[in-house]
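Each remark here refers to the structure printed beneath this line.
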Amino acid sequence: IDATCPLVHEIHREVKRLSEDGRQIIIIGDHGHDEVIAIANQVKGSLVVSSPSEATKLRKMKRVGVVSQSTQMIENVQEIINILMTKVYDLRFVNTICFPTKRNHEQIKELAKECDVVIIIGSFTSANSKRLTKMSQTINKNTYQVTCSDEIDESWFKNVKTAGISAGASTPNYLIES
């Protein structure tokens, strides 16, 4: 069974279209991540860039098509695009960050400010869940990531009035509900 998100399949199609247009493909994403590997394998010669420092090291190029891993942080993508704009003559960027990811990133920034403690539910192998946790921790040091309710520590809630809960994009609803 192919359980690939339909939005990720759309990224595959975009990469093929950009490549057919004669563009060097750059994927903004995490090296070694399954989604990024699959996107890169859609066409030959794709480059993966995970950080602004990696983008700075790229050579100048004439025609480039850029997509991103669906769960990338918009701030990272923007920084990399700003650097690519100084290195690429003809740059075409297709914003492939999925809407739920964008929404979750914006909401976690508010939730982390408003709550005494924040719980992120999601796998420790999930790039999206790890990013949500990291984003929240930069705002609220009382942020914890768990994979299920059994991992919640009651001591986290001592002297706490408000608790916020969020979850990675691929976290099943039954885990969130429990």
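The values are calculated or read from the model by the stated rules, or taken from the named source; none is laboratory data. All values reported here derive from a predicted model rather than from experimental measurement. In this analysis, Cβ positions are derived from the backbone assuming ideal geometry, glycine residues included, and neighbour counts consider all displayed protein chains. These accessible areas exclude ligands, DNA and RNA; they are computed on the full protein's heavy atoms, side chains included. Shrake-Rupley method; radii C 1.70, N 1.55, O 1.52, S 1.80 Å.
A few notes on this one:
- For the chain, the longest principal axis of the Cα atoms and the long axis of helix 99-114 meet at an angle of about 40 degrees.
- Rounded to whole Hz, the Karplus (6.51, -1.76, 1.60) HN-Hα couplings of segment 119-126, x for glycine and proline: 10, 9, 9, x, 5, 6, 9, 8
- Check: the chain dipole with +1 on Lys, Arg Cβ and -1 on Asp, Glu Cβ, in debye: 980 debye
- Between 0 and 90 degrees, the angle of helix 127-139 with respect to the longest Cα principal axis of the chain falls at about 60 degrees.
- Listed residue pairs exceeding 21 Å between alpha carbons, taken from K109/K134; K109/K141; K130/K161: K130/K161
- Euclidean distance of C-alpha centroids, segment 107-178 and segment 1-59, integer Å: 29 Å
- Å² of accessible area per residue within the chain, as computed with a 1.4 Å probe and no ligands counted: 56 Å²
- Values (i) 32, 20, 13; (ii) 50, 21, 11; (iii) 35, 18, 11 are given for comparison; semi-axes √(5λ) of the Cα gyration tensor in Å, derived from the coordinates here, is the one labelled (iii).
- Check: segment 90-153 dipole with +1 on Lys, Arg Cβ and -1 on Asp, Glu Cβ, in debye: 340 debye
- Considering all C-alpha pairs of segment 92-159, those separated by over 14 Å amount to 60%.
- Accessible surface of the chain [probe 1.4 Å, protein heavy atoms]: carbon and sulfur percent: 52 percent
- Within segment 81-150, the trypsin sites (Lys or Arg not before Pro) that combine a DSSP coil assignment with at most 11 other C-beta atoms in a 10 angstrom radius are K141.
- For peptides 4-11, 20-27, sequence by mean Cβ density within 10 Å, most packed first: 20-27, 4-11
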